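To keep things clear, I will list the structure first and then write my remarks on it.
The values are calculated or read from the model by the stated rules, or taken from the named source; none is laboratory data. Source: prediction; values computed, not measured. FYI the Cβ positions are ideal-geometry reconstructions off the backbone, even for glycines, and counts take in every protein chain you see. Side chains included, ligands, DNA and RNA excluded: accessible areas come from the protein's heavy atoms. Shrake-Rupley method; radii C 1.70, N 1.55, O 1.52, S 1.80 Å.
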Amino acid sequence: QVQPVESGGDLVQPGGSLRLSCAASGSGFRLSAMGWYRQAPGKQRELVAAITSGGARNYADSVKGRFTISNDNVENTVYLQMNSLKPEDTAVYYCNADRFGANTLLGRGGDYWGQGTQVTVSS
């Protein structure tokens, strides 16, 4: 059973930076896509950024120019570098992954979900 495990969430001041990491354990195969979704209180879960094993990327408009997604295909690991953080970035961030296809990339949510890591941006 594939299980993504996130790390790196924290409390940070506006304008600060954080780096989230996610490692998908339990797979004996390369995942086709991995990404990050977030859910703020009272809001729907939304795509933040995703990347395929071939390097195609998709970002939410609200994070373009501030967040950068990268991956390690061999290790089935994905990272999210978040800069210039704003209070509206506060949410639980979930790692998501696809066995096949690109639902993760397209914002539909892939096959596997992590438990989430809290990011709070506040002074």
(message) Under a Cβ-only charge scheme (Lys and Arg +1, Asp and Glu -1), can you give me the dipole magnitude of the chain about the Cα centre, in debye to the nearest 20?
(response) 200 debye
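Using a 1.4 angstrom probe with every protein chain in place, what is the largest-first accessible-area order of K43, K64, K86? Walk me through the intermediate numbers first.
Values: K43 140, K64 115, K86 80 Å².
Putting K43, K64, K86 in descending order of accessible area: K43, K64, K86.
Looking only at chymotrypsin sites (Phe, Trp or Tyr not before Pro) in DSSP loops with at most 15 other Cβ atoms within 10 Å, what is the longest site-free stretch of the chain?
Working: sites that count: F29, F100.
Segment 30-99 is the longest.
Which order do you get for S32, S7 if you rank them by accessible area with a 1.4 Å probe, largest at the top?
On the way: S32 25, S7 60 Å².
Solvent-accessible surface, decreasing: S7, S32.
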(request) Considering only DSSP beta bridges where both residues belong to the chain, give the percentage that are antiparallel (nearest 5). (result) 95 percent
(request) Could I have the simple spin-label model distance between R66 and F29, label points 7 Å from Cα toward Cβ, reported in nm to one decimal? (result) 3.7 nm
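Work out, step by step, the length gained on full extension between T120 and E46: first 0.36 nm times the residue separation, then minus their alpha carbon distance; give nm to one decimal. Each step should come with its number before you reach the end.
Working: separation 74, 0.36 × 74 = 26.64 nm, distance 1.65 nm.
Additional length available on full extension: 25.0 nm.
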(request) In nm, give the distance between the simple-model label positions of D10 and Q81, each being 7 Å from the Cα along the Cα-to-Cβ direction. (result) 1.6 nm
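For E88 and R19 in one chain, what is 0.36 nm times their gap in residues minus the Cα-Cα distance, to one decimal in nm? Write out the running numbers ahead of the final one.
Details: separation 69, 0.36 × 69 = 24.84 nm, distance 1.69 nm.
Value of the extension gain: 23.2 nm.
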